[in-house]
Amino acid sequence: MNKSTREGRGSGYDLVISGGRVIDPETKTDRIADVFIQDGIIKKVEKTRARIKAKEIIDARGKVVVPGLIDMHAHLREPGREDEETIYTGSCAAVAGGFTSICCMPNTQPPIDNQETVKFVYQKAKEARCRIYCIGCITKGQKGEELTEINDLVRAGAVAISDDGKPVSNSQVLRNALEYSSMFDLPVISHCEDLSLSANGVMHEGFVSTNLGMCGIPAVAEETMIARDIALAEFTGARLHIAHVSTEGSVDLIRQAKKRGVRVTCEATPHHFTLTDEIIRTFDTNAKVNPPLRTKRDVDAIRRGLKDGTIDCIATDHAPHSIEEKEVEFDFAPPGLVGLETALGLVITELINKRILSWTQAVAKLTINPARVLNLEGGRVKRNSPADITIIDPKASWVVDPPKFLSKSKNSPFAGRKLRGKVCCTIVNGKVAFEA
Ligand code: DOR
């Protein structure tokens, strides 16, 4: 946004975003309006003819104004791998990608499995450019054996528990986790992978893996665990959220469970609704991810699941890895890709512009839906809500250029891809945190 558009006229409100297309899925708003902000709070959303008095005015004509995006699944690598990402650099990447809140997964070194480490994250988060929410481990050391002190994690501010990166293989341990967490109305976020089936796999098991002679991870490695987790959620009545759904069968299982009234929600990532295992033919290790990129049939099923509401949220699974670790033979590279700075462009290009989701549906999956899953107060552009807002130029096109990422890591399989829809401005707590 150029300077002339941010001129202030008199005092009054701290900030007014004027003339944009305001989309708020919760209040079913989709209209041209001005957003008035004072002391970090949205004071009103209305169309005014009167001359606006504010310290700062952002001219948002031709732009889309949405609640600040919420990423419920990011790996920020701090503590332990600050060479790959820190809470601060992750927050810079987040605001550049339009996110005003991100949730950090606990598979750090050491893992976030006790109150002190949760407090450490929130201490570091004070310097971050966006809101950081901490997810704690389900089991101590992510070993899948002994439950963490869930009560302590919650008191320190954990918004969910997850052993993401690894499954909780022992069903009794997961049952206990679901029962304890339901006392706090805390969602358990499950990484569904049967390790005996995924074994030494490095990519999706199917035609391409056979062609390339690579070890595969079959779709059932995910589906059997989702079936088990749904059964446990149904049995305990607890809240289950399934991370990074990647297969057609998984979407079907969740759809059926929802119909039966099981308290299950789930997310899909931009890479799983965009890319197929065909990309592995390039041997680009940046496309190695867990769960792996699947087939076109699976991508289509995920798109259907997003459209019919089976898939509630879009989450990045932002997983930074260093160049040294990724520049090895495919079999030895760690899985994961950075997603914070490409997620919105992929949602607009692949889902909205291809008419799979409306703007309101897409925005809901990036804002109010994750806010509801995690009981966060953000995700709304309405009176008395925190002034977390993202302003998007829906028509701007750009080419993904990882060296320009604000993330410390550059491991993106989308390098060189042309995307539509760009973040102009990200406002956190009433203050401009990023401006293109
Ligand atoms: O690809 C992945 N990378 N999947 C995960 O579940 C973990 C993540 C990581 O931490 O690198």
Practice problem: Kindly provide the Kirkwood hydrodynamic radius of region 277-436 in Å, to one decimal, from all pairs of distinct alpha carbon atoms. | Solution: 17.2 Å
Quiz item: Can you work out the base-10 log of I(q)/I(0) for region 218-341 at q = 0.10, 0.16, 0.18 1/Å, using the Debye formula on its C-alpha atoms alone?
Solution: -0.33, -0.77, -0.93
Practice problem: For region 11-128, count all C-alpha to C-alpha pairs, find those more than 26 Å apart, and express that count as a whole percent of the total. | Solution: 39 percent
Quiz prompt | Mean projected area in nm² (Cα convex hull; one quarter of hull surface) for region 348-398 | solution = 4.3 nm²
Quiz prompt | Quotient of C-alpha Rg and 2.2 N^0.38 Å, computed over region 58-117 | solution = 1.40
Quiz prompt | log₁₀ of I(q)/I(0) at q = 0.14 Å⁻¹ - region 222-281, Debye sum with one point per alpha carbon | solution = -0.41
Self-check item: Nearby lysines by direct alpha-carbon distance to K28 (threshold 24 angstrom, same-chain neighbours under 8 apart not counted)
Solution: K43, K44, K47, K63, K258, K307, K354, K365, K382, K395, K422
Practice problem: Only Cα pairs under 8 Å and at least 6 apart count here; give the relative contact order of the chain as a rounded whole percent. | Solution: 20 percent
Quiz item: Which aspartates and glutamates have a Cα less than 13 Å from the Cα of K431, not counting those fewer than 8 places away in the same chain?
Solution: D14, D39, E56, D388
Quiz prompt | Rg/Rh ratio calculated on Cα atoms of the chain (Kirkwood radius) | solution = 0.96
Quiz item: What aspartates and glutamates sit close enough to K418 to cross-link, taking a C-alpha to C-alpha distance under 17 Å and skipping anything fewer than 8 places away on the same chain?
Solution: E341, E350, D393, D401
Practice problem: Count neighbours as other Cβ atoms within 10 Å of each site's Cβ, and list the GluC sites (Glu not before Pro) in region 344-436 that are DSSP loop with at most 16 such neighbours. | Solution: E377
Practice problem: Please work out the average accessible area per residue across the chain, using the 1.4 Å probe convention, and give it in Å². | Solution: 39 Å²
Exercise. Taking the Cα atoms of region 277-319, report the difference between the largest and smallest coordinate on each principal axis, in whole Å and largest first.
Key: 34, 23, 11
Quiz item: Which trypsin sites (Lys or Arg not before Pro) from region 297-395 combine a DSSP loop assignment with at most 16 other Cβ atoms within 10 Å?
Solution: K354, R355, K382, R383
Quiz item: Based on the Kirkwood radius over alpha-carbon pairs, what value in µm²/s does the Stokes-Einstein equation return for the translational diffusion coefficient of region 309-363 at 20 °C and 1.002 mPa s?
Solution: 162 µm²/s
Quiz item: Got a sec? Charge dipole of the chain, +1 on Cβ for Lys and Arg, -1 for Asp and Glu; which of H75, F36, T282 is way out at the positive end?
Solution: F36
Quiz item: So, how do all the Cα-to-Cα distances of region 93-230 break down into 5 Å bins, in percent, from 0 on up?
Solution: 2, 10, 17, 18, 16, 13, 12, 8, 3, 1, 0
Quiz item: Under the Kirkwood approximation applied to all pairs of distinct alpha-carbon atoms, what is the hydrodynamic radius of region 273-371 in Å?
Solution: 14.5 Å
Quiz item: GluC sites (Glu not before Pro) within region 158-248: which are DSSP loop residues with at most 13 other Cβ atoms inside 10 Å?
Solution: none
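The values are calculated or read from the model by the stated rules, or taken from the named source; none is laboratory data. All values derive from a computational prediction rather than experimental measurement. Don't worry about glycine lacking a Cβ; one is built from the backbone with ideal geometry, like all the others, and counts go over all protein chains shown. Protein only, heavy atoms only, side chains kept; ligands, DNA and RNA dropped before computing areas. Shrake-Rupley method; radii C 1.70, N 1.55, O 1.52, S 1.80 Å.
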